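The values are calculated or read from the model by the stated rules, or taken from the named source; none is laboratory data. All values reported here derive from a predicted model rather than from experimental measurement. We place every Cβ from the backbone using ideal geometry, glycine too, and count neighbours over all the protein chains shown.
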Amino acid sequence: MNAQPHILVIDDENQILRALRNILGAKHFRVSTANRGEEGLALAAANPPDLIILDLGLPDIDGFTVCSRLREWTQTPIIVLSVREGERDKVRALDQGADDYLVKPFGIEELLARIRVALRHSAQAQGSPETVITAGDIEIDLTSHIVTRGGIEVKLTATEFKLLAFLAQNAGRVLTHQSILNRVWGMEFIDNVEYLRVFMSQLRKKLEADPRHPQHLIGEPGVGYRFTVGE
């Protein structure tokens, strides 16, 4: 990743474009902007960014299409910003390849935190794959299939470990219920959301200091789950 990460913002609201250019520029990001989907795709191809911030409501092609077309050739992190707060839109955007989703109006500090996480995860993915993932006092050894908390081994079933490993390998990214169910259990289980909730509850009891207020195994209501390692 470059010393000055390049962010491409695709949004048809000029006020948003100006604000993000100024705010992100002040944080030492290099910023490019586009107010149409096709323009954004062309800029992404001509000068590949380190991260893309994408609005769904564009005047020519919608953000879902932009996301899908980007995923045909790049794994650059995509953070969706949209006034659409319905679960269906969030799930659709994530299933099309978005890494994260924020509803307008949004807090700039939260956006900056999401950007940092996405860039960190992207840099790790481009390097050597991590074999040990640490989140607070939790350590996940992907090679030996050993999980410890505070230095003490935590006994997980094979399915619990597979679920945890998938979440941890995508740390910071929102994974939809369907994508998790498909990856861990298979296509025939993609409608069994309650089944997934049971396993997540079991993981939280084993790994979280307060399972009712998890710090690492975070639920995104109606959408899916996110694993966080902390800032």
| query | Is at least one residue of region 152-167 without any contact (Cβ under 8 Å) to a residue 60 or more places away in the chain, in a loop (DSSP other than H, G, I, E, B) and surrounded by fewer than 17 Cβ atoms within 10 Å (Cβ to Cβ)? | reply | yes
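Please go through region 62-109 and give me each residue that is of a type outside the set (A, V, I, L, M, F, W, C), within 13 Å of the chain's Cα centre (by Cα) and at negative phi, ordered by number. Quick ask: steps written out before the conclusion?
Just the residues of region 62-109 that are of a type outside the set (A, V, I, L, M, F, W, C), to begin with: 62-63, 65, 68-69, 71-72, 74-77, 82, 84-90, 92, 95-97, 99-101, 104-105, 107, 109.
Adding the requirement that they be within 13 Å of the chain's Cα centre (by Cα) leaves 75-77, 90, 95-97, 99-101.
Scanning region 62-109 gives GLN75, THR76, PRO77, LYS90, ASP95, GLN96, ASP99, ASP100, TYR101.
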Restricting region 38-59 to residues that are in contact with an Asp or Glu (Cβ under 9 Å, 6 or more places away or on another chain) and over 19 Å from ASP100 (Cβ atoms), the one surrounded by the fewest Cβ atoms within 10 Å (Cβ to Cβ) turns out to be PRO59
Every listed condition ((1) under 16 Å from VAL103 (Cα atoms); (2) in a strand (DSSP E or B)) holds for SER32 save (1)
Those residues of region 111-125 that are over 13 Å from the mean Cα position of the chain (by Cα) and within 17 Å of PHE29 (Cβ to Cβ) come to a total of 2
Over region 63-75, the set of residues closer than 15 Å to GLU38 by Cβ, of a type in the set (D, E, K, R) and surrounded by 14 or more Cβ atoms within 10 Å (Cβ to Cβ) is ARG69
Matching residues in region 48-106 (of a type in the set (S, T, N, Q), within 24 Å of ARG21 (Cβ to Cβ) and in contact with a Ser or Thr (Cβ under 9 Å, 6 or more places away or on another chain)) number 1
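One residue is enough: does region 201-209 have a residue meeting the conditions in contact with a Pro (Cβ under 8 Å, 6 or more places away or on another chain), assigned to a helix (DSSP H, G or I), more than 25 Å from LEU119 (Cα to Cα) and among the polar types (S, T, N, Q)?
Within region 201-209, the subset in contact with a Pro (Cβ under 8 Å, 6 or more places away or on another chain) is 201, 204-205, 208.
Then keep just the ones that are assigned to a helix (DSSP H, G or I); that gives 201, 204-205.
Okay, now just the ones that are also more than 25 Å from LEU119 (Cα to Cα), so 201, 204-205.
Checking which are among the polar types (S, T, N, Q) leaves us with 201.
Within region 201-209, one or more residues are in contact with a Pro (Cβ under 8 Å, 6 or more places away or on another chain), assigned to a helix (DSSP H, G or I), more than 25 Å from LEU119 (Cα to Cα) and among the polar types (S, T, N, Q).
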Of the residues in region 92-124 that are part of a loop (DSSP other than H, G, I, E, B) and touching a helix residue (DSSP H, G or I) at 6+ places or on another chain (Cβ under 7 Å), the one that is nearest to ARG226 (Cα to Cα) is ASP99
The number of residues in region 20-37 that are aliphatic (A, V, I, L, M) and either loosely packed, with under 14 Cβ neighbours inside 10 Å or more than 15 Å from LEU111 (Cβ to Cβ) (or both) is 2
All-but-one check, VAL193 against (1) hydrophobic (A, V, I, L, M, F, W, C); (2) under 27 Å from LYS90 (Cα atoms); (3) surrounded by fewer than 19 Cβ atoms within 10 Å (Cβ to Cβ); (4) at pLDDT 95 or above, failing number (4)
Within region 76-91, residues part of a strand (DSSP E or B) and either at pLDDT below 90 or surrounded by fewer than 19 Cβ atoms within 10 Å (Cβ to Cβ) (or both) come out as SER82
